[in-house]
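Heads up, the thing below is written out as structure tokens.
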Amino acid sequence: MAAGFEQSLLDFLQEPVFLLTPQGRIMRVNAAGIRLVGGDPTGEHLGARLETSPDELRAWLRCCSGTSSPVAGQWLFRQPDGAARRLRVQGARLREADGQVLIAARCTVPEADRFSLLKKEVAQLNAEAHARRQRQALLEEALHRNTILLRELNHRVKNNIQLMVGLFSAAIRETGSREVRDALQAANQRLLSVSAAQALMYETQQMATVSSAAFLQALAHAFSASFGPEVRLDVSATEGQLTSDATFPLALILNELVTNAVKHGLCGREGAVRIALNRQGDEFTLIVQDDGPGIAAARPERRSSGLGLVKGLCRQLGAELKVENRNGTCITVRFTDRCDGTCR
């Protein structure tokens, strides 16, 4: 057998293996043996690498020279750092092709030491698992604390908005100026729209996104309470998710468009306002249409109350605004609202 192949075969073994002469000189050693003693000991006497007594080593070599059956023993290896390491060893006589007698010595960790190492590994794993559980408990506690703080914050925001609505309502009742009353009513209506969107987030405990269908229903309910039974709102929505960045600007846009439709389209009479929020992929289309006389092309400013705010909010959303006559006034707002991986 070629020497290179023999060496490859020895290096394949995980345990340290030494090929010795009957006198104890090292003829060949595998990679594990080199790592064990901290260098290539080929040509050296094995005793130079051991703390084991020379007499004990010679007796073991004599036993191995006389039999091809494994002979057990224990060696105390001198480590590169000066420490000693005890290993079990099994040796047996080999006969080379040229008739030379060699002794093969295979080293293994004693069962007691192996059990001790296993105990250390188990203890280390237990310590790591305990530390991981502690970190997880801390993270869960922090998450719970943040959830409570967020819930408390939302509750306070809701109460503060309701307080502001109450103050506006009181101011509306007390003022004698029609112009001031109209301005306060417009501001109060906008506040109610924001309140409806915030209340939806508070109730669902979802701050990143809200359901587009639930959003439209919540706003429609708030509008119905403000405009009374004379105004019928026909609402339809495609299910989707609106991000919080789009929710509040869209609530204000919807408020202005519906208020304009009621004020300028219905002009105090009974009628219907159609509200639709459709979704296709990441693109949303908001449609608000009344059944009034339509907007006059020559004098659009008569129907433009609040449209300045709508145009500004559309720029904030990156939305396209389209105003047209279609059996009444039809206003379309198209915008893109892209959710991240948390949207479902």
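The values are calculated or read from the model by the stated rules, or taken from the named source; none is laboratory data. Remember, predicted model here, so these are calculated numbers, not experimental data. Here the Cβ positions follow ideal geometry from the backbone for every residue, glycine too, while neighbour counts run over all protein chains shown. All accessible areas refer to the heavy atoms of the entire protein, side chains included, with ligands and DNA or RNA removed. Shrake-Rupley method; radii C 1.70, N 1.55, O 1.52, S 1.80 Å.
Summary of the geometry: the range 226-288 and the range 2-63, compared by the centres of their Cα atoms, lie 88 Å apart. Using the rule -39500 (n - 2.57) for each DSSP H run of four or more residues, divided by the residues of the chain, the 222 nm mean residue ellipticity is -16500 deg cm²/dmol.
Here the contact order of the chain, divided by its residue count and restricted to Cα pairs under 8 Å and six or more residues apart, works out to 9 percent.
The computed Cα Rg over 2.2 N^0.38 Å for the structure shown corresponds, within (i) 1.46; (ii) 1.01; (iii) 2.12, to (iii).
Looking at the chain as a GNM with Cα springs under 10 Å, which of SER195, SER65, SER244 has the largest mean-square fluctuation? Comparing SER195, SER65, SER244 in the GNM, the peak value goes to SER65. Placing +1 on the Cβ of every Lys and Arg and -1 on the Cβ of every Asp and Glu, with no other charges, gives the chain a dipole of roughly 320 debye about its Cα centre. A straight line joining the Cα centroids of the range 308-337 and the range 175-191 runs 24 Å. GNM remark for the chain: springs join alpha carbons under 10 Å apart, and the peak mean-square fluctuation among ALA197, ALA319, ALA131 falls on ALA131. A Gaussian network model of the chain, with springs between Cα atoms under 10 Å, assigns the largest mean-square fluctuation among ARG106, ARG181, ARG334 to ARG106. Taking every protein chain into account, the accessible area of the range 60-110 amounts to 54 square angstrom per residue (probe 1.4 Å).
Expressed as a whole percentage, what fraction of the accessible surface of the chain belongs to carbon and sulfur atoms when a 1.4 Å probe is rolled over the protein heavy atoms? Ligands and nucleic acids excluded, carbon and sulfur give 53 percent.
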